[in-house]
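The values are calculated or read from the model by the stated rules, or taken from the named source; none is laboratory data. Predicted, not measured: the structure shown is a model, and the values here were computed from it. A quick note on method: Cβ atoms are made from the backbone with ideal geometry, for glycine too, and the neighbour counts reach across all protein chains shown.
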Amino acid sequence: MTLEEEREGLLLELERYQRLWTVLEDLETILWGIKGFNEDLEESSLD
């Protein structure tokens, strides 16, 4: 494997991890939204 091929492979891997990180951040946002919705639902059912 040449240095250029190794560099291209590393760049592809970096892009893959960046996409994964974006998905994980989106998932975190969704989960926090669900948590807030559930807390609001519990509070309203106690009233």
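Tabulated data
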read-out: Checking Met1 against (1) surrounded by fewer than 10 Cβ atoms within 10 Å (Cβ to Cβ); (2) in a helix (DSSP H, G or I), the condition it does not meet; value: (2)
read-out: Count - residues of the chain that are small (Gly, Ala, Ser) and at pLDDT 95 or above; value: 3
